[in-house]
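J.: Sharing a structure, written as C-alpha cells. Questions coming.
Every number in this text was worked out from the coordinates using simple rules, so none of it is lab data. Remember, predicted model here, so these are calculated numbers, not experimental data. With ideal geometry, Cβ positions are generated from the backbone for all residues, glycine too; neighbour counts draw on all protein chains shown.
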C-alpha cells in the first residue's frame with residue numbers, strides 16, 4: 001500500500017498472494033471454529049473488510065468459472081462424439097452441435113485442448129496414465145464410501161456411527177498404505 005498526503009493507493013494483489021492470504025485466513029478460522037459454516041462465516045466477515053483481497057479473488061473466481069465452463073463444454077463434445085461414432089451419423093451430430101469437420105480424431109480433444117489427430121505416439125501413454133490415475137482416485141473414493149455405508153445406517157450420520165480411527169484404517173487399507181508411524185517428539 002502506498003500512502004500519500006491526499007489518498008491511499010492500494011497495490012493489486014497477485015493471485016498467488018490472494019491464495020496464500022486465503023489459506024492463512026482458513027487456518028485461523030479452523031483454529032477458532034470447529035464447525036465449517038462458522039469458520040466460513042468468520043472468513044467472509046474478514047474478507048468483506050479487505051477490498052484488495054476481494055478484487056484478487058474475484059479475478060481468480062471468474063477465471064475458474066470460465067475454466068470449468070470450457071471443461072464442461074469439452075466434456076459434452078466428447079460425449080457427443082462418442083455417441084456419434086457408436087450409433088449415429090457423426091457428421092450430422094457435428095453439424096447440429098457446431099463441431100465443425102475433421103472426423104472422429106479431429107473432433108476428439110485431449111485435456112489440453114488439442115485434437116487427438118495431432119497427438120504424437122509418445123504422448124499417448126502419458127495421456128492414458130493421467131486418465132487412469134484420475135479413475136483410480138475416483139474408484140478408491142467410491143470403495144471408501146461403500147465401506148463406510150456398511151457401517152452407517154440410512155438416516156445416520158457418518159460422524160456418529162464411525163470413529164475417526166476406524167475411517168482412517170479403512171482408508172489406509174483401500175489406499176494400500178500401512179499403519180502410520182508414531183510421531184516422535186524431539187527432546188529439548
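J.: Relative to the present Cα-Cα distance, how much length would full extension add between residue 20 and residue 112 at 0.36 nm per residue of separation?
T.: Details: separation 92, 0.36 × 92 = 33.12 nm, distance 2.66 nm.
Stretched out fully, the residue 20 to residue 112 stretch lengthens by 30.5 nm.
J.: Can you tell me the FRET efficiency between residue 145 and residue 165 if r is taken as the Cβ-Cβ distance and R0 is 25 Å, rounded to the nearest 0.05? Don't skip to the end; give the middle numbers.
T.: On the way: r = 18 Å, r/R0 = 0.72.
E(calc), rounded to 0.05, equals 0.85.
J.: While we're here: Once R0 is set to 30 Å, what does the formula 1/(1 + (r/R0)^6) return for the Cβ-Cβ distance between residue 127 and residue 60, expressed as a FRET efficiency to the nearest 0.05?
T.: Details: r = 28 Å, r/R0 = 0.92.
So, using R0 = 30 Å, E works out to roughly 0.65.
J.: Measuring from a point 7 Å past the Cα of residue 34 along Cα-to-C-beta, which residues in the stretch 140-177 have an amide N at less than 13 Å?
T.: Output list for this probe position: 160.
J.: Suppose each label sits 7 Å from its Cα in the direction of the beta carbon; what would the residue 135-residue 52 distance come out to in nanometres?
T.: Modelled inter-label distance: 4.8 nm.
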